1. Go through region 74-83 and report how many residues are modelled with pLDDT under 90, in a loop (DSSP other than H, G, I, E, B) and either open to solvent by less than 30 Å² (accessible area, probe 1.4 Å) or under 11 Å from Ala37 (Cβ atoms) (or both).
2. Of the residues Ala37, Ala58, Ala22, only one is under 15 Å from the mean Cα position of the chain (by Cα) and in a helix (DSSP H, G or I); which?
3. Of the residues that make up region 168-180, is at least one more than 23 Å from Ser85 (Cβ to Cβ) and in contact with a His (Cβ under 9 Å, 6 or more places away or on another chain)?
4. Which residue is most open to solvent (accessible area, probe 1.4 Å), if the candidates are limited to region 84-143 and must be among the basic types (Lys, Arg) and under 24 Å from Lys154 (Cα atoms)?
5. So which of Gly148, Gly116, Gly112, Gly208 is farther than 21 Å from Ile3 by Cα and not charged (D, E, K, R)?
6. What residue, among those in region 37-47 that are surrounded by fewer than 24 Cβ atoms within 10 Å (Cβ to Cβ) and not β-branched (Val, Ile, Thr), is farthest from Leu157 (Cα to Cα)?
7. Return yes when Pro121 is within 28 Å of His23 (Cβ to Cβ) and free of Cβ contacts under 8 Å to residues at least 24 places away in the same chain and no when it is not.
8. Identify all residues within region 165-194 that are surrounded by fewer than 19 Cβ atoms within 10 Å (Cβ to Cβ) and among the β-branched types (Val, Ile, Thr); write none if there are none.
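The values are calculated or read from the model by the stated rules, or taken from the named source; none is laboratory data. This one's a predicted model, so the numbers in the text were calculated from it and none came from an experiment. When we count neighbours, we look across all protein chains shown, and the Cβ atoms used for this are built from the backbone with ideal geometry, even at glycine. Note: areas computed on protein heavy atoms with side chains; ligands, DNA, RNA excluded. Shrake-Rupley method; radii C 1.70, N 1.55, O 1.52, S 1.80 Å.
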Amino acid sequence: MIIAIDGPAASGKGTIGKSLAAHYGLRHLDTGLIYRAVAKILLDAGYDPNDRVRAIAAAKSLDVSRFDEVALKRIGIAGPASVVSAIPEVRAALLDFQRAFAAAPPGAVLDGRDIGTVIAPNADVKIFVTATPEVRARRRFLEFRQRGESVNEKEILADILKRDERDSSRTAAPLVCAPDAHLLDTTHLDIDATIRAAVTIVEAARAGRG
């Protein structure tokens, strides 16, 4: 079984992805980490994320086994990751890896922004997760603060709005809801309610009830 989860930043798709993977005994891939890793390679070397040549080279040489998830999720990586993810050649370089991950038995849960439309268009279940920008900014603010990082909630909201615009308007695999995806609005849901709603969607799809 392949479950595709898409949605904007801090909508809850990562939490849903991990929970569904654990619930159904599937592997999980947060595809956003791949683009964050490419961005971090450039930033660590002192290069601009807009440097197409170096971004493409970084994507082609990426070693996913060496990911440091904590470092990749630090504040300051998200914006540059959104920049490199808009480069068509970067997305192309990472396409085969993501598709192979999805196809390997016994199946997988992938979350990102183009899973149901590009990476796994024939996924058994597609969920598009959303929430208001203000709620997403608040979640991200609390997440950073819990890790001891000094952040400004208004700046996080501005960054989220900028990322939404960039992700939705890019020419390569823009963030859109697949026609056959189930919409899950988490604005007024806590984590437990969100997971229950996601499991209900998967079970309904498996039972053929749509």
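1. 0
2. Ala37
3. Within region 168-180, not a single residue is more than 23 Å from Ser85 (Cβ to Cβ) and in contact with a His (Cβ under 9 Å, 6 or more places away or on another chain).
4. Across region 84-143, the extreme among qualifying residues is Arg138.
5. Gly148
6. By that ranking, first place goes to Ala45.
7. For Pro121, the condition - within 28 Å of His23 (Cβ to Cβ) and free of Cβ contacts under 8 Å to residues at least 24 places away in the same chain - is not met.
8. Passing the criteria: Thr171, Val176, Thr187, Ile191.
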